[in-house]
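Since the structure comes first, as structure tokens, the remarks are kept for the end.
The values are calculated or read from the model by the stated rules, or taken from the named source; none is laboratory data. What you are looking at is a predicted structure, and each value in this text was computed from that prediction instead of being measured. Cβ placement follows ideal geometry from the backbone for every residue including glycine, while neighbour counts extend to all protein chains displayed.
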């Protein structure tokens, strides 16, 4: 990160896209907490901080008259918690690049923090509008991008704004650098055996990642709804389980490719099935290849947990992306939380573990084991694309 920031106004793109309940209370402040080191580093150097972030998708969740629901998506709801975390009164601007934003930025003194209103209230944000980016750049002397969760977006506040700063006046933040370094630990010569655990609903979301992982993994453990597309590819009976019919042949090709590369791609031997997709569903344990008609696989079973946990315990590097079942429903949460415990235990023995964003972060937090793994990514889609080998525009713009 940049040094010598004394007396300078520093524009920091953070990812404060945090979940809020109906009363606008923050239900998971992970992304706020992870942004604090960069903010504090600037303040400690004698600089002032101007924070910008998006929250939700206000342009796609409008009111009946077509206007933006400013109350629901306003970043003002974050000010009390952010002020508490920083032990100072965070100032807030009701606009992003309007008169209030400029006046408050101009008046900002060293050691003070200003939070701008939701960048996505501006129509040009997601379009990468240069005029909007230029207005944002005029607010400060220096730009730091610390929003890894939005680094795969070529938006005005994440990428385009950087072009209005000289190379010596822009950089990655501490969180962004940690994200990159952690991802590189599994991408570049990971300690072996290296095990990737992939869950989530759809094979289609993970195709490129699976193909990439087959090139350098020792083990790939499959769980979640995507399991049943692979089972279908093995001519198993999947009942009413989720399946992407268009990807069955590709799933078969991926299994063949893994076998050719001597990569152990494992599917769960048994499944916790439900008679409906509901937290009060009836359940049964069944062979994953023989799920009964009218039943659906919603979690990995006890045999699979034992097999997967053994592989994880013998691993030196671990990547986890995606839950192993519908962990939001207690009846189908055991697989996900058991894998979280196995990863924590392996980490305790010296393995490096990377939790790859999205629902995996929610799962590791709910398991109470967040402090027992090596690194938890704040970016779901961004981490996926980085691991797939793609260049993230938000990183490229400042490096």
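Of the residues making up the stretch 138-167, those that are in contact (Cβ under 8 Å) with a residue 60 or more places away in the chain and outside any loop (DSSP other than H, G, I, E, B) number 11.
Before we move on, is residue 230 modelled with pLDDT under 95 and either touching a strand residue (DSSP E or B) at 6+ places or on another chain (Cβ under 8 Å) or outside any loop (DSSP other than H, G, I, E, B) (or both)?
Answer is no for this residue.
Just to be sure before I move on: is residue 28 under 25 Å from the mean Cα position of the chain (by Cα), surrounded by fewer than 22 Cβ atoms within 10 Å (Cβ to Cβ) and assigned to a loop (DSSP other than H, G, I, E, B) in the structure I sent? Spelling it out, residue 28 is indeed under 25 Å from the mean Cα position of the chain (by Cα), surrounded by fewer than 22 Cβ atoms within 10 Å (Cβ to Cβ) and assigned to a loop (DSSP other than H, G, I, E, B). In the stretch 207-222, what residues are surrounded by fewer than 23 Cβ atoms within 10 Å (Cβ to Cβ) and either in a loop (DSSP other than H, G, I, E, B) or outside the structural domain of residue 315 (by TED's automatic domain parsing) (or both)? Hits for the stretch 207-222 are 215, 216, 218.
Every condition in (1) out of contact with any strand residue (DSSP E or B) (no Cβ under 8 Å at 6 or more places or on another chain); (2) modelled with pLDDT of 90 or more is met by residue 380 except one, and the failing one is (2). Determine if the stretch 338-346 includes at least one residue that is more than 18 Å from residue 268 (Cα to Cα), in contact with a helix residue (DSSP H, G or I) (Cβ under 6 Å, 6 or more places away or on another chain) and modelled with pLDDT of 95 or more. Yes, the stretch 338-346 contains at least one residue that is more than 18 Å from residue 268 (Cα to Cα), in contact with a helix residue (DSSP H, G or I) (Cβ under 6 Å, 6 or more places away or on another chain) and modelled with pLDDT of 95 or more. Filtering 338, 313 for residues that are out of contact with any strand residue (DSSP E or B) (no Cβ under 8 Å at 6 or more places or on another chain), free of Cβ contacts under 8 Å to residues at least 40 places away in the same chain and under 27 Å from residue 237 (Cβ atoms) leaves a single hit, 338. Of all residues in the stretch 178-199, those satisfying the criterion of being assigned to a loop (DSSP other than H, G, I, E, B) and modelled with pLDDT of 90 or more are 190, 191, 192, 193, 199. Those helices (runs of 4 or more DSSP H) of the stretch 317-399 in which 3 or more residues are crowded, with 22+ Cβ neighbours inside 10 Å occupy 334-348, 359-366, 380-387. Screening the stretch 290-302 for residues that are part of a loop (DSSP other than H, G, I, E, B) and in contact with a strand residue (DSSP E or B) (Cβ under 7 Å, 6 or more places away or on another chain) and picking the one that is modelled with the lowest pLDDT gives 292.
Taking the criterion of being over 16 Å from residue 203 (Cβ atoms) and either in contact (Cβ under 8 Å) with a residue 12 or more places away in the chain or in a strand (DSSP E or B) (or both), the residues of the stretch 253-275 that qualify are 261, 263, 264, 269, 270, 271, 272, 273, 274, 275. Looking at the structure I just gave you, is residue 200 under 23 Å from the mean Cα position of the chain (by Cα) and under 23 Å from residue 277 (Cα atoms)? So residue 200 fits the description; yes. The test for being assigned by TED's automatic domain parsing to the domain that holds residue 140 and at pLDDT 95 or above holds for residue 107.
Could you check the stretch 46-55 and list, in sequence order, the residues that are surrounded by 18 or more Cβ atoms within 10 Å (Cβ to Cβ) and in a loop (DSSP other than H, G, I, E, B)?
47, 53, 54, 55
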